[in-house]
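Here's the structure, in structure tokens; my notes come after.
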Amino acid sequence: MISSIVFINHKGEILIYRVYKDDITRSETTQFCAKIVATKENKECPIINIDGTSFIHITIKDIVVLATTKVNVNVAMTLQFLYQLVKVCRAYFGGEFDENCIKKHFVLIYEILDEVMDYGVPQIADADLLKKYIQEGGLKPELMNDVEKLKQLTSQATGATSWRPPNLVYRKNEVYLDVIESVNVLMSVKGTILKADVAGSIQVKCLLSGMPECKFGMNDKLLMQREPRKPGQTTTDKGITIDDLKFHQCVKLPKFDKERAITFIPPDGQFELMTYRITENINLPFKIMPVYNELGKNKLEIRVKIKSIFEKNLFATNLAIKIPVPKNTANVNTNSAIGKAKHEPDQQGVIWRIKKYPGDFEALLRCEIDLGSTTNQQPWIKPPISMEFQVPMFTASGLRVRFLRIYEKAGYKPTKWIRYITKAGEYLHRL
Amino acid sequence: MSRPSASTSSSNRSSRSRYGKEVKELQDALNQNKIESKRDAIRKIIDAMTRGKDVSMLFPDVAKNMETSNLELKKLVYLYIINYAKIMPDLAVMAVNSFRKDARDKTNPFLRALAIRTMGCIRVKLITEYLLDPLKESIKDEDSYVRKTAAICISKLYDVSPELIEEQGLLKLLENLLNDGNAMVVANAVCALLIVQESKGTTMLQLNPYTIQKILTAMNECNEWGVIYCLDALAMYIPEDGKEAEAILERVSPRLNHNNPGVVLSACKIMMKFLDYLQNPETIRQNALKMTAPLISLLSLGKEPEIQYVALKNINLIIQKRPIIIEKDIKVFFCNFNDPIYIKLQKLEVLSKLANNDNIQQILHELKEYTQEVDVEFVRKSVRTIGRCAIKLEKAAEKCVTALWECLKTKVNYVVMESIIVIRDIFRKYPRKYEMILKDLCENLKSLEDPEAKASMIWIIGEYVDTIENADSLLANFSENFKDEPANVQHQILVAVMKLFLQRPNDGKELIHNLLKTATIECENPDLRDRAYIYWRMLSTDPELAKKIVFTERPTISDSSYTIENELLDKLIENIGNLSSVYTKKPESFVKKLRDVLNSKIADKIDDVYDQDQLMEGRPEDYSDQQGGQSTVYENNYDTSSQIQSQIQQSQIQQVSQKIDLLELDDNQPQQQQQQQQQQQQQQQPQIQTQIPTQSIQNIRIPFAEVLTAITPGSQTQIQGLSIEAAFQKNGDKIVLDLKFTNKTQDKTFSEFGIKFNKNPFKLQPDTIEISCQPVFPGQTQIAQLSINTNGPALEEPPQMPYKIQVALKTNLDVFYFFIPMSLSVLFSSTASITQQKFIELSQAQNLARKQEVLQITIDPQRMKEKFERNYFFLIGARKDERGVELLSYAATLVNGMPLLVNVIHTQTAINLQLQVPHPTLMPLLYQAIGFILTLN
């Protein structure tokens, strides 16, 4: 099990130090800080064994979050726990997680650390739940003496539906569904697709009273095959093939395994219902077509044509195409019909930004690059062209939500809202 | 937290006095009545503590504030106390009363749990005793939140005072928590039992079908962390048979869709282990393929890199055991431009394992792309991976060589050097096949800074002295700095020049002469000098012989990507998701027992002074890249060779027992305990001692199996608490049943035992129904032995696998039904009735079932023969085939007259068996029996 949890800044100074088991000394940790964190060696491997102590760490911007252990601990669990811990902290600090926050709220962090782990064993690391009984500045004294309330809290903390408090009441019952997809593509120099996948997630914001049982349906091929066809109904949607699904802990997994039905009692408020991964039949929203020319010893030309491949009535927003240029670039002349392109030396590239981009449309950017003279004889190693964008109401996977049924004793009719958006993940084209 | 030492304090008086003033201020603040000022003061103290300053002198002032009703303040005080209680045990006693009071708070379960949780962290023996009462109460607390905290607390206190915890029966209470109605309590109890198990070194979590069901049920209801402990506990279970394994897999496989990667990997661990117990290849395939998508999802973009790293390490193991799981999806293992270096290196490792003739083109294309990147380590490993593919796939070797050729042409220094090293291996594997690249190789002689690359290049020149025209001048150049070169380069120069001389005497004459002179006279390296001397003498006595020796045929090298040996691999598979899988090492090679660590700590006085002399051993790479560092694996094996021996034996026994039956052979612990108890009883009751016949040394002794657990209720009055272990034994020519009764109740006495067998195929029945055995008092163990005859009623069905006899046991309190497993070896008749003539007749008969089996076991042939003979497995004949392999024919007769025939071929590492039996169901039983005979004593 885990011996201690430590927060360290990039200089190797300890910000938070909580020991759970006696088998570790502070000096072992300070050695790690001095020799690994301060020297940036931690970037080289997340799991390091020094003298029989294993140092398992993650790096969030400038902060190293470390778990130490001397035993053969479940390291996948440990890493996930560290990430979960950071998530909990962020939830308390309004999304922030940096040295200032940690220093400012260190008492609260110690209190959280006491609750999320006991004797090196992860316990409860759910921010919404923790917030109910751990608060900065202590809980209200009224709560401390309310036997019923307390009982409710503990049974929620250890119950089968620890993610949802009982007896919630909303005047207006509403559910918001967001289907968010990131498209990851790597295209070769010639434009063949080397790999492409969609990492999607379904975010739910739930404002529902009582203990609703939800059933969620989408155009998943396997699920649709199982459903009996209604007579007279003809559907052209054959469904899509989903490689893999991962669910929030509220989803009843055995039921999914048997019937492929997604049923759950949702947590209150915002949560990620599921994530999924798709590699087949992906609709890539953009095609990139670059041409690279060396026009002499000190001059390059890169032409990039992009083409949107989605319906005309849709729009992509916030496009940013990054075209890499060599380090010794002195000047870049750009020329394009739409958007703005600018050489940004700190990014080592030309960034071409377009606010709004219609469907089924082509645009061209021409960059003439003047190179400064350099002593470095090594050829330029060309990083890939990358692209950022968002396409609302479009899914690269073709996924569609088919239904969200909600059953509750009270029998209310909730309002449901559904949004789709496709974003660029790592959208790369080799140059 | 370093304390200011005396020497620094005098030289640094001003800061010390300022420090003293600060302490004084904090003291004052703590002693005020206002909560706010107290809270501020203690915040400052905790802050100082975090930064490593010593604030222990404030202990009395801080501890005074424990009794506050302000929960936030209380938590801060507790945090402080946990930190310093160890070095101030006397003062820590002050805290006890507050804990006892809080643990009994009526209203607030959080307060009760906080007290229980914190007091467990105060690891002072003195205090433990006072904490037992509140702890016992909290185990029965009405609130599940308190109970789950209490479960963990028992394991904490066990690490402080094991004796006390055992004496007070707390472990029993912890075990009872497995029956708790709340899933999270069960999960924490499982976890706590495993912690105790680890420090105690004996089985604490009894895994049997009953507890397995409990854990499976709890798993459905607890949170994600609880699911992981449940899965990790399940992974330790050895299923009875394929059916049970399949049933558990069905419950586990849905977890693969959990979004916590810890859950996914732990589920994979169980699946990988249990697949070994399934028989139907199609079921195995289907279950294996269930893992594919979830494993690949762990690598999808946007997943945390550290988790991807662990996933890659584990995938690397999984595909070595069951390649089918990831066959097609090679693209996920292509490196992304922004991947951290540790992920890129692991991906290359996996890619080289997945490479086959169908996908090599695609992989090579990627690898070539990588060789143009910036990171030197990554580029070098990419080149090396191309080489590995060439060696692994003969058909694709040419493509790989072409790719390396292109690498040579880049003229980038480190790419060229790595390519040369790799090409050397390819030349060794495929001699004289790719001479076309020699020319380009020879153009890169100037930039070889890396000694290995240089040595490789020289080796290549030596190998091709006949083809490379200017080999003599090249080697002459290399020899110029001979004395300053590192040892491996010197060696290669010597060998290459020797080859030159032997092939082209005229060109090499002068060179070899000078070189041998330098090497023998001026070099200090004894290896080099000796080699030079030997060459010299060979040349002066018999140059032809020298030629033969120098150009002797070398063993071919093979692909080293499958180097993890099976035994280690299986062990690592059991550790999927754990550190062990990341280090590619067995857990015992990097884990010290907690108790040892604690003891050594106490010796170190637990002081937190920085110890600068404690230098780090080994850089992280030593652990991160195990494939490259095979030597560490070897070293480990070497270090623990004796351990491995015993493990091998154990695992073999296990293999036998797992495949066929579960006799809980690996579970020595309860037996040890019972042996102790047995000894005690033997002293008390010598008459029983005489009843236990001295087992004839001849027969193997079948180990006891637990046939009735203490939690199985009786059939009439539902009484629990009687545990029985039993084993059928062969004793001379008689069959006996050894029984061991253990009374685990607190207040009941079992006596008046009687036994009856259900109908069974071999007509076994006890001579008498009554068992002569003393009454078994609470906590006691008694042993009894029964003679068995074969005149009972027959069951007209062939014996099933595993072969068990159903038994009804009557006691004064209740009747119990259970099964006793039996080894077929017990049923071998003691008289040899099969002659050579009969053997031949029988083995030619049509109605015998035949099967080939292999027993993976290392045993001396003589010992094997002895063991067979002693267990009534008679040698009928022996003959050698044309290759000189000895074939032994053995036969045994069962008590009902059925013949069993076996042909045995003994090899170094295994025994090949050809089994012939009258009925197919006897096949596995016979295989099991042979396993027992050869592995047990």
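General remarks:
- Pairs spanning more than 25 Å between alpha-carbon atoms, out of A:Lys40/B:Lys347; A:Lys149/A:Lys413; A:Lys327/B:Lys368; A:Lys131/A:Lys151; A:Lys172/A:Lys205: A:Lys149/A:Lys413.
- Stretch gain in nm, segment B:Met57-B:Gln856, where the contour uses 0.36 nm per residue and the Cα spacing is subtracted: 281.2 nm
- Shape of chain A, Cα gyration tensor, a/c cut at 1.5: oblate
- Subtracting the Cα-Cα distance of B:Glu394 and B:Tyr817 from 0.36 nm times their residue separation leaves 146.1 nm of extension gain.
- In chain B, the DSSP beta bridges split such that about 95 percent are antiparallel, to the nearest 5.
- Along its first, second and third principal axes, ordered by size, segment B:397-451 spans 26, 20, 16 Å in Cα coordinates.
- Each other residue within a Cβ distance under 14 Å of B:Leu528 adds +1 if Lys or Arg and -1 if Asp or Glu, for a net charge of -2.
- Rounded if a/c under 1.5, otherwise prolate or oblate - chain B, Cα gyration tensor axes: oblate
- Residue order, fewest to most surrounding Cβ atoms within 10 angstrom, among B:Cys191, B:Cys407: B:Cys407, B:Cys191
- Dividing the mean sequence gap of close Cα pairs (under 8 Å, 6+ apart) by how many residues chain A holds gives a relative contact order of 15 percent.
- Counting neighbouring Cβ atoms within 10 Å and putting the fewest first, the residues A:Thr334, A:Thr192, B:Thr467 line up as A:Thr192, B:Thr467, A:Thr334.
- FRET efficiency for the B:Glu565 to B:Lys763 pair, using the beta carbon distance and R₀ = 60 Å, is estimated at 0.80.
- Set of aspartates and glutamates near B:Lys313 by C-alpha distance (under 17 Å), chain-local residues within fewer than 8 positions excluded: A:Glu44, B:Glu304, B:Glu327, B:Asp329, B:Asp339, B:Glu349, B:Glu565, B:Asp570, B:Glu574, B:Glu621, B:Asp622, B:Asp625
- Coupling constants for segment B:237-252 follow from the phi torsions by the Karplus curve (6.51 cos²θ - 1.76 cosθ + 1.60, θ = phi - 60°), and in residue order they are 6, 9, x, 5, 7, x, 5, 5, 4, 5, 5, 5, 4, 4, 7, 7 Hz; glycine and proline get x.
- Straight Cα distances below 16 angstrom link B:Lys763 to the aspartates and glutamates B:Glu796, B:Glu797, with same-chain residues fewer than 8 positions distant left out.
- For B:311-319, mean number of other protein chain Cβ atoms within 10 Å: 1
- Long pairs among B:Lys75/B:Lys101; A:Lys297/A:Lys340; B:Lys21/B:Lys44; A:Lys221/B:Lys331; A:Lys190/A:Lys340, criterion Cα-Cα beyond 22 Å: A:Lys297/A:Lys340; A:Lys221/B:Lys331; A:Lys190/A:Lys340
- Taking a ≥ b ≥ c as the square roots of the eigenvalues of the Cα gyration tensor, an a/c ratio of 1.5 or more together with a/b no larger than b/c marks segment B:202-313 as oblate.
- FRET efficiency estimate (nearest 0.05) - Cβ-Cβ, A:Glu96 to B:Asn357, R0 60 angstrom: 0.70
- Rounded FRET efficiency, nearest 0.05, which uses the C-beta distance separating A:Lys43 from B:Leu91 and R0 of 41 Å: 0.40
- Close amide-amide hydrogen proximity is noted between A:Leu194 and A:Leu186, A:Met187, A:Ser188, each under 5 Å apart and 5 or more residues distant or on a separate chain (H modeled in the peptide plane; Pro and chain starts excluded).
- Hz values of 3J(HN,Hα) by residue in segment A:408-416 - Karplus curve (6.51, -1.76, 1.60), Gly and Pro given as x: 9, 3, 5, x, 6, 10, x, 8, 10
- Here the Karplus relation 6.51 cos²θ - 1.76 cosθ + 1.60, evaluated at θ = phi - 60°, turns the backbone of segment B:897-909 into coupling constants of x, 5, x, 10, 10, 9, 9, 10, 10, 8, 10, 4, 10 Hz, with x for every Gly and Pro.
- Under a 5 Å amide H cut-off, with hydrogens placed 1.01 Å from N, A:Gln123 pairs with A:Met117, A:Asp118 among residues at least 5 apart or on other chains.
- Averaged over the residues of peptide B:77-85, the number of Cβ atoms from other protein chains lying within 10 Å of each residue's Cβ is 2.
- At q = 0.09 Å⁻¹, base-10 log of I(q)/I(0) for segment A:314-431 (Debye sum, equal scatterers on each alpha carbon): -0.41
- Charge dipole (chain A, unit charges on Cβ, about Cα centre) - positive-most of A:Asn74, A:Phe97, A:Thr275: A:Thr275
- For chain A, calculated [θ]222 nm from helices alone, where every DSSP H run of n ≥ 4 adds -39500 (n - 2.57): -5000 deg cm²/dmol
- Taking every C-alpha pair closer than 8 Å and separated by at least 6 residues, the mean separation divided by the residue count of segment B:36-175 gives a relative contact order of 17 percent.
- Neighbouring Cβ atoms from other chains, within 10 Å of the Cβ of residues in B:104-116, number 3 on average.
- For A:Phe286, distant residues with modelled amide H under 5 Å away: A:Ile309
- Cross-link pairs beyond the 31 Å C-alpha cut-off, checked among B:Lys433/B:Lys454; B:Lys269/B:Lys756; B:Lys392/B:Lys548: B:Lys269/B:Lys756
Each reported figure results from applying straightforward, stated rules to the coordinates on display, with no laboratory input. Everything quoted here is computed from the prediction, not taken from an experiment. In this analysis, Cβ positions are derived from the backbone assuming ideal geometry, glycine residues included, and neighbour counts consider all displayed protein chains.
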